[in-house]
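The values are calculated or read from the model by the stated rules, or taken from the named source; none is laboratory data. No experiment lies behind these values; they were computed from the predicted model shown. Here Cβ is always computed from backbone atoms with ideal geometry, including for glycine, and neighbour counts include all displayed protein chains. Ligands, DNA and RNA are stripped out before the accessible areas are found, and what is left, the full protein with its side chains, is counted by its heavy atoms. Shrake-Rupley method; radii C 1.70, N 1.55, O 1.52, S 1.80 Å.
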Amino acid sequence: MVYQIYPRSFADSDGDGVGDLPGVVAHLDHLSALGVDVVWLSPAYRSPMDDNGYDISDYTDIDPLFGTLADLDALIAGLHSRGMKLVMDLVVNHTSDEHPWFVDSRDVSSPKRDWYIWRPARQGHEPGTPGAEPTNWGSFFSGPAWQFDPASGQYYLHLFSAKQPDLNWENPAVRHAVHDMMRWWVDRGVDGFRMDVINLISKTYPLVDGPVNGPGGLCYDPSMVVEGPRLHEFLRELNQEVGIDDRELFSVGEMILVDVEQARSHTAADAHEVGMVFTFEHMSIDAGASGTKWDVVPLHLPALKANLAQWQEGLADEGWNSLYFENHDQPRSVSRFGDDSPEFRVASAKTLATTLHLLKGTPYVYQGQELGMTNAGFTAIEQYNDLESTRFFAEASAAGGDPAQLLGAIAFKSRDNGRTPMQWDASPQAGFTTGEPWLRVTPNHDTVNAAAAIADPGSVFHHYRALIDLRHQLEVVRQGRFALLLPDDEHLFCFTRTLGDEALLVVANWSSSPVPLPAGLPSLAGAEVLLGTHAFSPGDDLAAWESRIYRLA
Ligand code: NOJ
């Protein structure tokens, strides 16, 4: 399994309030105790930190906020000596606008001009005036996806913030520079890459307007920019040039809007592209009709089950699944899909984990998920740091949105929910820092913290540990075939995993009320319980948020 570290929020070694690499090194035993195989480190490169490091100004250096290259080497050595691997975040759809490539590119006569995507103003419009942008695309972070550059009178494309200009992957020199940089990291000892929004790198030319579906007459339709015609070619080339397959490196591509068929085409062994992809489909199950993440509707469990089952079945024979409920862009799953009340937080965090870890694929655990960390509980926009949340609030309230309603949606879905400091202990700043943390520590750290969890055999942490151990022990967990049971049941998530004559049954109550064991399950005669969240006798009802893993006779 893969454990994701968001370095800014993991552990601060020098008291400046921001997590750093020595902080990570100091906690490697926590990862070993959990059973982690691979660590994915969110960006720690040199960056102006407009998007907390997803805006890189030097791909081959560590930002002083996080430490030095020597600290990174120490992290690699510390992980390797404990039998773990290190996967770096690869952010190459865009750079920072402060990257020397882009600084050069601002000069129209520079050979680097063509390394980014520059366009003149829309015909008949005065450059730099509203509506003169070359296309009507909205950026993922609100507002137009084009920034006017007065010096050259042209615009550059930025699908994210204006400080994240998109690279022009059509230019072979750009691709070679990326391959060189990746080889440099592999030679330094890293074991693979998580590829940020990698299905945006090939644009569909010519760049044209899309249907208007957002404020300001903009088109917020990612289908305009994903899966461009050269994506397969670029990924194959990168795989070959860097030796992803040849050197058996780890690779996972983050892919917006990717569907099962596309995922199969990118991850099949003979594609030689990436090992697996991150889909977003199951992360959109609780979005309302508008489809935006801020339009939240209650989870309908049958819809989530149907989606996960579709991915399980679609990649059963070819390709491979990534399994995740959380990362640094998502709220905490126990607050989103579980029940984070004191009564059910532990049980629901465990049952979400049982479900995810018994699917086929590679499970990802985001820092603090193994403790059942909850959403941040912020109530004022000033408490947020994330540019996606603050920009959405500014844009939507300027357009007449009700601030209280907007704050409610942000409190539920903001990326900052997953970015509050890791809760190590019950001390005032949760053992994260001796200084003032960059983002407020969640008040429940007095009870929800690693020290308490490790000391309590019934904690969420020990359930994660047991699940990870089960996967390491049992081939049927790693390779068994998945079959969904009771697809329409609104409370229970039940499925089998089978390999040869071995069969597991997973029964998980995704509700805050007890539920009787339903008819329609395979016979439990002679079944052995491998792992459960509660003590029970055979035939007992399932308690609220109870889950059991049976080995069938
Ligand atoms: C996806 C990353 O996960 C997110 O945090 C970031 O803001 C965007 N890509 C832009 O790099």
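Roll a 1.4 angstrom probe over the protein heavy atoms and tell me the percent of accessible area of the range 97-168 that is carbon or sulfur. Write down the numbers at each step before the final one.
Values: 1590 of 3020 Å².
C and S atoms contribute 53 percent here.
Considering only lysines 8 or more places apart in sequence, or on different chains, count the pairs in the chain whose C-alpha atoms sit under 23 Å apart.
12
Step through the residues of the range 359-376 one at a time and calculate ³J(HN,Hα) from phi using the Karplus curve (6.51 cos²θ - 1.76 cosθ + 1.60, θ = phi - 60°), rounding each to whole Hz and writing x for Gly and Pro.
Per residue, the Karplus-derived 3J(HN,Hα) values read 7, 8, x, 9, x, 10, 10, 8, 2, x, 4, 6, 9, x, 4, 9, 4, 6 Hz.
How much of the DSSP bridge set in the chain is antiparallel, in percent, rounded to the nearest 5? Present the calculation step by step, with values, prior to reporting the outcome.
Values: 36 of 62 bridges.
If I count the DSSP bridges inside the chain, around 60 percent turn out antiparallel.
What distance in nm lies between label points placed 7 Å from Cα along the C-beta direction at Gln473 and Ala26?
Output for this residue pair reads 3.5 nm.
Treat each spin label as a single point 7 Å out from the Cα along the C-beta direction, and report the Arg82 to Arg247 distance in nm.
The modelled label-to-label distance comes out at 2.4 nm.
Gain in length, Glu261 to His125, computed as 0.36 nm per residue apart minus the alpha-carbon separation, to one decimal in nm?
Numbers: separation 136, 0.36 × 136 = 48.96 nm, distance 4.12 nm.
My answer for the length gained is 44.8 nm.
Give me the orientation-averaged projected area of the Cα convex hull of the range 97-168, in nm², one decimal. Don't jump to the answer; show the numbers that get you there.
Numbers: hull surface 17.8 nm².
Over every viewing direction, the Cα hull of the range 97-168 projects on average to 4.4 nm².
Can you work out D for the range 1-108 in µm² s⁻¹ from Stokes-Einstein, where Rh is the Kirkwood radius over C-alpha pairs, the temperature is 10 °C and the viscosity is 1.306 mPa s?
Details: Rh = 14.4 Å.
This corresponds to a translational diffusion coefficient of 110 µm²/s.
Over the range 1-48, with every protein chain in place, what whole percent of the accessible area is carbon and sulfur at 1.4 Å, could you tell me?
Details: 510 of 1080 Å².
Answer for the range 1-48 is 47 percent, counting heavy atoms of protein chains only.
For the chain, find the longest principal axis of its Cα atoms and tell me its angle to the long axis of helix 387-398, 0 to 90°, nearest 10.
70 degrees
Using the alpha carbons of the range 136-265, what is the convex hull volume per residue in cubic angstrom, as a whole number? Walk me through the numbers on the way to the answer.
Numbers: hull volume 17.1 nm³, N = 130.
So the per-residue Cα hull volume is 131 Å³.
How far is helix 403-413 tilted, in degrees, relative to the longest principal axis of the Cα atoms in the chain, given as a value from 0 to 90 rounded to the nearest 10?
60 degrees
May I ask for the longest run of the chain untouched by trypsin sites (Lys or Arg not before Pro) that are loop-located per DSSP and have at most 13 neighbouring C-beta atoms (other than their own) within 10 Å?
248-553
Looking at the range 291-363, which GluC sites (Glu not before Pro) are in a loop (DSSP not H, G, I, E or B) and have at most 16 other Cβ atoms within 10 Å?
Sites meeting the loop and neighbour criteria: Glu318, Glu343.
Summing +1 for each Lys or Arg and -1 for each Asp or Glu, what net charge is found among the other residues whose Cβ lies under 15 Å from the Cβ of Ala394?
Working: positive: Arg391; negative: Glu382, Asp386, Glu388, Glu395, Asp402.
For residues surrounding Ala394, the net value is -4.
Between Glu436 and Asp541, how many nm apart are label points set 7 Å from Cα along the C-beta direction?
5.2 nm
With viscosity set to 1.306 mPa s at 10 °C, what whole-number translational diffusion coefficient in µm²/s follows for the range 147-193 from Stokes-Einstein and a Kirkwood radius over Cα pairs? Show your work: numbers first, answer last.
Working: Rh = 12.9 Å.
In µm²/s, the coefficient rounds to 123.
Of the accessible area of the range 343-449, with the probe set at 1.4 angstrom, what percent is carbon plus sulfur?
Values: 1920 of 3470 Å².
For the range 343-449, the apolar C and S fraction of the accessible surface comes to 55 percent.
Compute the accessible area per residue over the range 308-428, keeping the other protein chains in place, probe 1.4 Å, unit Å². Before the final figure, lay out each step's value.
Details: 3610 Å² over 121 residues.
Accessible area per residue: 30 Å².
Once Rh is set to the Kirkwood radius over Cα pairs, what Stokes-Einstein translational diffusion coefficient, in µm²/s, holds for the range 481-551 at a temperature of 10 °C and a viscosity of 1.306 mPa s? Show your work: numbers first, answer last.
Values: Rh = 12.4 Å.
The diffusion coefficient I find is 128 µm²/s.
Are there GluC sites (Glu not before Pro) in the range 197-297 that DSSP puts in a loop and that have at most 16 other Cβ atoms within 10 Å, and which ones? Numbers along the way, then the final one.
Working: sites: Glu227, Glu233, Glu237, Glu241, Glu248, Glu254, Glu261, Glu273, Glu281; in loops: Glu227, Glu248, Glu273.
When the GluC sites (Glu not before Pro) of the range 197-297 are filtered for loop state and at most 16 Cβ neighbours within 10 Å, Glu248 remain.
Taking the Cβ of Arg471 as the center, what net charge do the other residues with Cβ under 13 Å away carry, scoring Lys and Arg +1 and Asp and Glu -1? The partial results should precede the final answer.
On the way: positive: Lys360, Arg465, Arg478, Arg497; negative: Asp37, Asp469, Glu475.
So the environment of Arg471 carries a net charge of +1.
P(r) tail for the chain, what percent of Cα pairs lie past 48 Å?
Values: 13694 of 152628 pairs.
Result for the distance tail: 9 percent.
Might you tell me the accessible area per residue for the range 27-79, computed with a 1.4 Å probe and given in Å²?
Value returned for the range 27-79: 26 Å² of accessible area per residue.
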